[in-house]
Amino acid sequence: MKEIHDFTIIGRQQLGDQYFRLVIEHGGQMLPVAPGQFVEVLVEGSREVMLRRPISVHDVDAARGTLSLLVQIVGHGTRRLAELKEGDRLNLVYPLGHGFTTDLTPRTSALLVGGGAGIAPLLCLAKCLKAKEVQCTVLLGGRTSALIPVRDEFAPYGELCIATDDGSLGHKGLVVVHPAFAKTYDMIYTCGPTPMMKAVARSAAERGIRCEVSLENMMACGVGACLCCVTDTDQGHRCVCKEGPVFDISTMKKWYQC
Ligand SMILES: Cc1cc2nc3c(=O)[nH]c(=O)nc-3n(C[C@H](O)[C@H](O)[C@H](O)COP(=O)(O)OP(=O)(O)OC[C@H]3O[C@@H](n4cnc5c(N)ncnc54)[C@H](O)[C@@H]3O)c2cc1C
Ligand code: FES
């Protein structure tokens, strides 16, 4: 079930030059939202942006009826969203897609690997796994420390590890060469740039570790109608918006091997 709803912006935080976070309020009973699901945001007041933009659910507080969105400014739509202020309205279609599998048993271990805006859905996931007593390691990567926003907010939910290309914070190099990545886990989740996710998936497959990737293909309708977001899987073409964005890598050999 999904709905179109006007939310009100009740919090806005600028996080360096490239990122900002919005906390938005529903004003009523919200539909349940699972980690890894996303919303399609209507960008109003921009002549360049006709289609809604997909943004992951970064955090959710069902009791207060609030959602958080962490957004990287990359183009017309996200620039326009960055201009919004507290009190402004945001029209969303939510919740969309198929989120992460979170049915792990207590005391199992999980590695969450995020890069760039792919960090966004991992906060909600880490909270959910912590509530299930899963032992989480969160490994976040970026070109430089300034491009890993909200990293400290992960600390209450597991061991926090950082990798930066320039060595400005944490381990110098890519996430897949961080010592935490080489350890064994019951499950690996990843979201971020495609080359990073493919490297994570290849390594998980080689080591026989269950792994889910959250794809960020370009989208238009967000509900499986236009086929512009399809990806090639071992089971044929799949709509990332409807059958993903989260996929188990056991069906994604074609994707991560190319
Ligand atoms: C399921 C899903 C969840 C997402 N969650 C988040 C999130 O939580 N936070 C966040 O900041 N971004 C997220 N994205 C990416 C976000 O949707 C795009 O960055 C946004 O649509 C760009 O819109 P724009 O109008 O600013 O850019 P445009 O003006 O349309 O494009 C500017 C540049 O961004 C690139 N771009 C556009 N769309 C994407 C995309 N989907 N992936 C990668 N590059 C893109 C274009 O190729 C172009 O180079 C998500 C994408 C998907 C599919
Ligand atoms: S975005 Fe239209 S089918 Fe996925």
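The DSSP beta bridges internal to the range 109-257 are antiparallel in roughly 20% of cases. Under a 5 Å amide H cut-off, with hydrogens placed 1.01 Å from N, residue 100 pairs with 36, 37 among residues at least 5 apart or on other chains. The label point for residue 91 and the one for residue 15, both projected 7 Å from the Cα toward the Cβ, are 2.7 nm apart. Were the residues from residue 207 through residue 232 laid out at 0.36 nm apart, the gain over their Cα-Cα distance would be 6.7 nm. Here residue 48 and residue 258 are evaluated by their C-beta separation; at R0 = 30 Å the FRET efficiency comes out at 0.40. With the convex hull of its Cα atoms as the shape, the chain has an orientation-averaged projected area of 13.2 nm². The string of couplings for the range 170-184 from the Karplus curve (6.51, -1.76, 1.60, θ = phi - 60°) is x, 6, 7, x, 6, 4, 6, 9, 5, x, 5, 6, 6, 6, 9 Hz, one whole number per residue in order, with x for Gly and Pro. With viscosity 1.567 mPa s and temperature 4 °C, the Kirkwood radius over alpha carbon pairs of the range 109-257 converts through Stokes-Einstein to a diffusion coefficient of 83 µm²/s. Here the Karplus curve 6.51 cos²θ - 1.76 cosθ + 1.60, taken at θ = phi - 60°, turns the phi angles of the range 193-199 into couplings of x, 4, x, 5, 5, 5, 5 Hz, with x standing for Gly and Pro.
Mind jotting down the distance between the C-alpha centroids of the range 80-140 and the range 179-258, whole Å? That distance is 16 Å.
3J(HN,Hα) along the range 50-61: 8, 9, 5, 10, x, 9, 5, 6, 8, 7, 9, 10 Hz, from the Karplus curve 6.51 cos²θ - 1.76 cosθ + 1.60 with θ = phi - 60°, whole Hz, x for Gly and Pro.
Put in line by how crowded their Cβ is, counting other Cβ atoms within 10 Å and starting with the fewest, 86, 212, 206 read 206, 86, 212. For residue 143, the amide hydrogen comes within under 5 Å of the amide hydrogens of 165, counting only partners 5 or more places away or on other chains and with H modelled in the peptide plane. Label point 7 Å out from residue 108 along Cα-to-Cβ: which residues of the range 177-193 have amide N under 12 Å? 185-189, by backbone N distance to the label point.
Laboratory data are not the source of any read-out in this text; all were calculated from the coordinates shown. All figures in this text were calculated on a predicted structure; none of them were measured in a lab. As a convention, Cβ positions derive from the backbone with ideal geometry for all residues, glycine included, and neighbour counts pool all protein chains shown.
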